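Below is one structure, written out as structure tokens; the observations come after it.
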Amino acid sequence: MDSAVTGLLAALVGVGGTLGSAWLTQRRADALRREEWDRVERSRRAERADERRQSGREARQAAYTGFNASARHYLATLNDHAHVLRDGGDPRESLDAVESARVDYRRSYAEAQMIVPDTVLAEVRKVDRGLGSVYGSLARATRDRGREGDDPDSVRTVIRQGWRDLSDTRAAMRADLDVTGPTRDPAG
């Protein structure tokens, strides 16, 4: 009987080992599938985050380009209008150009307010205040309702500051887009 019990125990151990081995193999396969799923999911999340960053960067770049172009055009038309007023010309035509540039600028400014980060927005607001100041002075001068500081020399000083503010804003925008500094070698 001793050999029968030993045989039975050996059979039980063999069957238990076989079943245990299958169970452990299944558990390890499940763990590997979970790890693979987690890795794939992390990769998908990282790709989506990269896509959102790239999309945000492209939206900011478009807003920056539009704002820079419209602000420069608006400031140039304000400058032209100041020359017309200073030279005693008929301001109607230049005023129409100013109003058209102003509408375009206000649209791009509104877009920039919704997209740009706070550091760049501070620079954008500085440009807006300067443009508003020049526009107000010239509008009053055009209507012969000028105040102190609306004289051509004062307006020219504000316009020159506007160009400097635009330059500072453009630098902040370029820094945000990481396009400042020396050109990088893509191979290296």
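Across segment 101-110, what is the number of residues that are in contact (Cβ under 8 Å) with a residue 12 or more places away in the chain and open to solvent by 70 Å² or more (accessible area, probe 1.4 Å)?
Qualifying residue count, segment 101-110: 2.
Do any residues in segment 52-78 that are over 19 Å from residue 118 (Cβ atoms) have Cβ atoms under 8 Å from those of residues that are among the aromatic types (Phe, Trp, Tyr) and open to solvent by less than 50 Å² (accessible area, probe 1.4 Å), where the two are at least six apart or on different chains, and which pairs are they?
From segment 52-78, the pairs are 70/105; 70/109; 73/105; 74/105; 78/135.
Scan segment 96-132 residue by residue and report those that are β-branched (Val, Ile, Thr) and either in contact with a helix residue (DSSP H, G or I) (Cβ under 6 Å, 6 or more places away or on another chain) or not in a helix (DSSP H, G or I) (or both).
98, 115, 116, 120, 124, 127
Residues of segment 1-23 being open to solvent by 100 Å² or more (accessible area, probe 1.4 Å) and at pLDDT 80 or above, which ones?
2, 23
Which is under 27 Å from residue 92 (Cβ atoms), modelled with pLDDT under 95, of a type in the set (Ser, Thr, Tyr) and out of contact with any Lys or Arg (no Cβ under 9 Å at 6 or more places or on another chain), of 119, 157?
Selected residue: 157, the only one of 119, 157 that is under 27 Å from residue 92 (Cβ atoms), modelled with pLDDT under 95, of a type in the set (Ser, Thr, Tyr) and out of contact with any Lys or Arg (no Cβ under 9 Å at 6 or more places or on another chain).
Using beta carbons and a limit of 6 Å, which pairs, at least six apart or on different chains, have the first residue in segment 160-188 and within 13 Å of residue 130 (Cα to Cα) and the second one open to solvent by 50 Å² or more (accessible area, probe 1.4 Å) and at pLDDT 95 or above?
Between residues of segment 160-188 that are within 13 Å of residue 130 (Cα to Cα) and residues that are open to solvent by 50 Å² or more (accessible area, probe 1.4 Å) and at pLDDT 95 or above, the close pairs are 165/126.
Which one of these is more than 30 Å from residue 152 (Cβ to Cβ), surrounded by 10 or more Cβ atoms within 10 Å (Cβ to Cβ) and modelled with pLDDT of 85 or more: 29, 76, 82, 97?
It is 29.
The values are calculated or read from the model by the stated rules, or taken from the named source; none is laboratory data. Being a predicted model, the structure only gives us computed values, none of them experimental. Because the Cβ atoms are built from the backbone with ideal geometry, glycine has one as well, and the counts that use them run over all protein chains shown. Note: accessible area is taken over every heavy atom of the protein model, side chains too, but ligands, DNA and RNA are not part of it. Shrake-Rupley method; radii C 1.70, N 1.55, O 1.52, S 1.80 Å.
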